[in-house]
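A.B. asks: Please read through the structure below; I'll follow up with questions.
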Amino acid sequence: MDILSSLGNGFATALTPINLLLCAAGVTSGTLIGMLPGIGPAAAMALLLPFSFGMEPASVLIMMAGIYYGAMYGGSTSSILVNIPGEAASVVTCLDGYQMARKGRAGAALGISAIGSFIAGTFSVIGLMLVAEPLAEFGLRFGPAEYFLLMLLALMTVGLIGGGSMAKSLAMAIFGVLISTVGLDVVTGRERLTFGMFGLVEGIDFIVVVMGLFAISEVLSLLTQRTRQHIPPPTRIMEVLPNREEMRRSVAPIARGTILGFLIGVLPGAGASIASFISYGIEKRYAKNPELFGQGEIEGVAGPEAANNGASGGALVPLLSLGIPGSGSAAVILGAMILSGVRPGPMLFEQQSQIVWALVASMYIGNVLLLILNLPLVPFLASLVRTPIHILLPIILVLSVVGVFGLHNSVFDLWLLLAIGISGYFLSKAGYGPAPTVLGVILGPLLEQNLRQALKISNGSLSIFVGSSISLVLLSLLLFSIGGRWAYNRYQQSFSKQGTP
Amino acid sequence: MRHVNWIVAVALASFGITAMAAAWPLDFWPSRFGPGEGFLPVVLGAVLAVLSLGIALQNWRKKNEGKPETESLNLTKPIRAMLIFILYLIIFDFIGFVFSTAIFLTLYIVWVEERRLRQAMTISLAVTVVTYLLFVQFLGVDLPLGVLEGVPEWIS
C-alpha cells in the first residue's frame, strides 16, 4: 500500500499539464531524433538536455523519460524502414523488421514494435517499483568473471541468430571482436592492429561498422537486383497494422522479451543491446520454423523490441537504488539528476521520494504517450517504404556519411565506412550475416576487459570462471547452447539424408 | 556465387592471420596476473583463420559435388554508385558538405538511376537543404563548410 500511495503522489506530480506537455514533447522529439542514424537514446537525451535548464527537477526527469522511450522507438523505426539501426539495441530489429517492410508489412512491424515496447516498458516499470532493491543487490554479485561469461553467452547465441551456418556466424562474431581490438589498448596504451594508420589509433567506432554493414551493404545489394521490388499499397487501413494472427504470434515473444530484457537490463553495463540479441536467439530457438528467421518473421521483431524496452526499466534499477547507471542512457539520466540537485543512491527513495515516484509515474505516462502518439503515425511511416528507390538509396548514403562524419569529424571514418560497406556486401552474398559482427564490436571491449580483470583477480587461474554459482549457471548455459545446437544440426543432417519430409 | 563464398572465406582467413601477425610482437601473457594486450588478437586471429579455412574447404568440397551456381551479380550500378561515392568522399572535406552532397546526389540520380537532370537537381537540392537544416542548424552537428568557410553566418 505504501508503494501505491507513493505512486499515486508520483502521478499527481507527473500529470500536471506542464509535465504532460513536457513528456509528450520528449516522446515526439526523441522519436524523431532516434530515427536518425547514429543518434541513439543517449545522444538524443544529451542533445535535448540543454532545453531542460531552469526547469523543476521532476520536470527535467519527466522530459528525459519521454525522450528515452521516444528515441528507442525511433531507432527501431529506422531499422524497420531503411535497415539502418538508430542505435545498438535496434540492430536485431533490422534482421526481420526490414524484411517485413520489403514484403509490404512495414506497418505491422512498426505496430508490433510500438505495442511490444509499450507492454514491456510498462511491466519493466512495475518491476522497477517492486524489486529495485533486491535486484540491484543481485546485480552487484556479478563480478568480472560473471560478466565475461555473460558476454560470451551473448556471443554464442549469435550462432542461432546469424542466419546461415553456425560456423559463419561465429566467424563473423570473432571478426567483430577483432575489429573492436583495433586502436589503443586501454590498459597498456599500446597500439594494436593500427598498421601505422593514425586514423585507426582511436579504434573503429561501432556506428561506422553498423552503417557500413547495414546501410551501405544494403544499398549495394538493392542496386544489384535486376528487378526492383514493388511494394503494393494497402487497400484498407487495417492492413497496415498487425493482423490478428500476427498479434497472436507476438504474445509469447513479448512476454519472454519483457522478462529477459528487464533481468539483463538490471546488470550494469549489459544493457538493451545484449537483451535484444539474446531475445532474438531465444525466439529463433522456440520458433516452429527457425529457418524463416531473417526473412520477415514477426516474432523476430516482437521479442527483441520487448527485450529492448524491458531493459530500459531494468537499467534504471541500479541507477535509482545504487547510483550506478545501467546503460549509456541511464548515465545521461544520472547527469540530468545531478544537474537538478538529485543524488541517486540507497537513500534516494527515502530522502527524495517525490521526485523518484514522479519519474516512475512519468515512465508509465511516457509509455502510454508513445503508443498514443506513434501508433496513428504507423500508416504514414509505413508509406515511407514506398519512397521511390532512386530517391531513397542516395538519401541513405548521405545520411550514412553525415552520421559517421558527425562522430569524430574524420574523413578517415568515411573511407572506413566505404571499405566496411563493400566488404559487408560480399560477406552477405557469401552467407555471412552482419548482426554477429556488430555484436562482436559492441561486446568486444567489455569481453576483454572483464577477462583480463578476472584473471588478474585470480592471479591467472581459470578457476575463477567456475568459482561462483552465477558463473556455473552461465557456463552451463553456454555449454548447453553449443551442445544443443550441435546436436540439432546433426539431427537435421540425418533427417535430410534419409529424405524424411 | 560459390566463387564468392570461397574468396570471402579465404579473405577472412587472411584477415585472421594478418591480425595474428600484427599482434604477435605485443605482450601475450606477460606475468602470472593474466593476459596482455596481444592475447585476444592473437587467439581470435588464429581461431578466425582456422574457422574460415574450414569453411573454405567445405565450399571447395561442395563445388565438386552439387549443381553449378546459376546466379550472377549485376555489378554495373553498384560500381557506378561506388565510383560516385568515392568522388563524394574526396570532395566532401574540400568543397564542404553542401556542395559535395548536391553534386553527389545529382550525379547519382543521373548516372546510376538514369533519371533526368532536372529531376535529379530538384531532389538533390531538396535533400541537401533538409539535411543541412536538420543536422547542422537543429542538431548542431559539425559538418565541413569547405568553400563556405568564412562566409558570414547568415549566408551559410
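A.B. asks: Output the number of the condition that B:ILE86 fails; it satisfies all remaining conditions of (1) modelled with pLDDT of 95 or more; (2) more than 9 Å from chain A (Cβ to nearest Cβ).
C.D. replies: (2)
A.B. asks: Here's something else I'd like to know. So, in segment B:1-28, exactly how many residues are within 8 Å of another protein chain (Cβ to nearest Cβ) and over 25 Å from the mean Cα position of the chain (by Cα)?
C.D. replies: Result for segment B:1-28: 2.
A.B. asks: Would you pick out the residues in segment A:413-428 that are hydrophobic (A, V, I, L, M, F, W, C) and more than 10 Å from every other protein chain (Cβ to nearest Cβ)?
C.D. replies: Listed by number, the residues that qualify are A:LEU416, A:ALA419, A:ILE420.
A.B. asks: In addition: Could you list, in sequence order, the residues of segment B:16-42 that are of a type in the set (A, V, I, L, M, F, W, C), under 22 Å from A:ALA145 (Cα atoms) and surrounded by 17 or more Cβ atoms within 10 Å (Cβ to Cβ)?
C.D. replies: If the condition is that a residue be of a type in the set (A, V, I, L, M, F, W, C), under 22 Å from A:ALA145 (Cα atoms) and surrounded by 17 or more Cβ atoms within 10 Å (Cβ to Cβ), then B:PHE39, B:LEU40, B:VAL42 are the ones that fit.
A.B. asks: Right, something else. Of the residues A:ALA315, A:ALA330, A:ALA361, A:ALA336, which single one is at pLDDT 80 or above, part of a helix (DSSP H, G or I) and more than 30 Å from B:LEU107 (Cα to Cα)?
C.D. replies: It is A:ALA361.
A.B. asks: Then there's this: For segment A:435-469, name all the residues that are away from chain B (no Cβ under 13 Å) and surrounded by 17 or more Cβ atoms within 10 Å (Cβ to Cβ).
C.D. replies: A:ALA435, A:VAL438, A:LEU439, A:ILE442, A:GLY467
The values are calculated or read from the model by the stated rules, or taken from the named source; none is laboratory data. This is a predicted model, so every value here is computed, not measured. No Cβ is skipped: glycine too gets one built from the backbone with ideal geometry, and neighbour counts run over all protein chains shown.
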